[in-house]
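Single-structure report; data block below.
The values are calculated or read from the model by the stated rules, or taken from the named source; none is laboratory data. Just so it is clear, the structure is predicted and the values come from calculations on it, not from any experiment. Virtual Cβ from ideal backbone geometry, glycine too; neighbours counted across all protein chains shown. Heads up: the accessible areas ignore ligands, DNA and RNA and are worked out on the full protein's heavy atoms, side chains in. Shrake-Rupley method; radii C 1.70, N 1.55, O 1.52, S 1.80 Å.
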Amino acid sequence: MNITNNINSNDQLFIDTLKLLQKQLTYTVLVSLFIIGNIGCILNTMIFRCSNLISSSCSHYFLASSFANVFQLNIGLASTILDYGFNIHPFHTSSILCKFRNYSINIGGFLSQTYILLACIDRYLVSVNKTRYRQILTIAMAHKIIYFIVCFWSISLSHMIIYSNISLQNQFCYYSNSIYVIFISLHNLILSGFILPILMVIFGLLTLRNIRIIRQRAHARRDHKRRNHYLSLMLISNVFVSVIFTLLYTSGLIYISYFIPSKESSYRQKMQIRFISFIAIIFYYTQYSVSFYVNILTSQRFRCELKKFLHSKRKQLTTILRY
């Protein structure tokens, strides 16, 4: 018997409304996040490579985080837009693409969060102003740590390649083992939803406290102090935004896990859960799209570097057009 025959007119209207709203949100919100996110990541990369910022190890963690965000937007968000908005879902039909998507999205998410955490630790060590930390705060050391983190998460999450597969019954890319589903859900919830954000907040607050102390020291060099202040303010703002959207996403996951539909659940209930999952996805990808715009709003130095960059590109374009 077709399931739609058991749905009354009110339920059908509600379900159709959710489906329509989901498509409209895909075309507007998700597509907008994809476009502004990629533009922001490109500009972030350009600005942090400027001579005034590239000399700081913290900027290299920002750069690494931007690359991870590009990864998330162009694999995770792009495939979500194709799936929800255009009914194009190659990841649900190809086992190789299914494994690649699940593995890549999780690596990209953990890399982005870890690099922001490392930037927090970097700013904290700078604010402590101890000589013994200087060898840790070099660009060369930052590069080694960045590469190590890539290797660490690539190896640690390699089990996802084994357990990611396509359900033959539902033609949906997910994890083949029910025990593994519980494990990976708890793994991501605890690490990405709680531990990493809590560590960001702790080091961010410690940095703020130390900055207040540094401001009271007359012997601190003004230019050095200003650069550290701008980077720290920018970083703490990014942490705040990341934690907020991570909490919203995590809350959605907890709700879905608690009210997970069973075989006895009505089609209306299943569609409600699917829609809440979709809203959680919006929160998840928002944090990877807004970093550049947070930097503009919170850092005068970043705005100045952006103006210099755009001015130099305009001069180059004018010179090319003249010839």
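Worth pointing out:
- Scanning the chain for trypsin sites (Lys or Arg not before Pro) in DSSP loops with at most 12 neighbouring Cβ atoms within 10 Å leaves 1-129 as the longest stretch between them.
- Gain on full stretching of the segment that runs from N10 to I244 - 0.36 nm per residue minus C-alpha separation: 80.7 nm
- A Gaussian network model of the chain, with springs between Cα atoms under 10 Å, assigns the largest mean-square fluctuation among A64, A119, A140 to A140.
- The count of lysine pairs in the chain with alpha-carbon distances below 20 Å, taking only pairs 8 or more places apart or on different chains, stands at 4.
- The chain, dipole about Cα centre (Lys/Arg Cβ +1, Asp/Glu Cβ -1), debye to the nearest 20: 1960
- Note on the chain: dipole from Cβ charges, positive end direction compared against T246, Q300, M141; the farthest Cα belongs to Q300.
- For segment 25-59 and segment 146-201, distance of Cα centres in Å: 25
- Rounded if a/c under 1.5, otherwise prolate or oblate - segment 121-196, Cα gyration tensor axes: prolate
- As a fraction of the 1.4 Å probe accessible area of segment 22-304, surface on carbon and sulfur atoms comes out at 66 percent.
- Global geometry of segment 22-304, whether rounded, prolate or oblate, following the gyration tensor of its Cα atoms and the 1.5 cut on a/c: prolate
- Mean accessible surface per residue for segment 22-304, computed with a 1.4 Å probe while every protein chain stays in place, in Å²: 51
- Our coupling estimate for segment 195-211, obtained by passing each phi through the Karplus curve with A = 6.51, B = -1.76, C = 1.60 and θ = phi - 60°, is 4, 4, x, 5, 5, 4, 5, 4, 5, x, 5, 5, 5, 4, 4, 5, 4 Hz, Gly and Pro reported as x.
- Under 17 Å from the I320 label point (7 Å along Cα→beta-carbon), backbone N, segment 41-81: 43, 46
- Model label sites at Q135 and L297, defined 7 Å from Cα along the beta-carbon direction, differ in position by 4.2 nm.
- Cysteines (scope the chain) whose Cβ has no counterpart Cys Cβ under 4.7 Å: C41, C50, C58, C120, C151, C304
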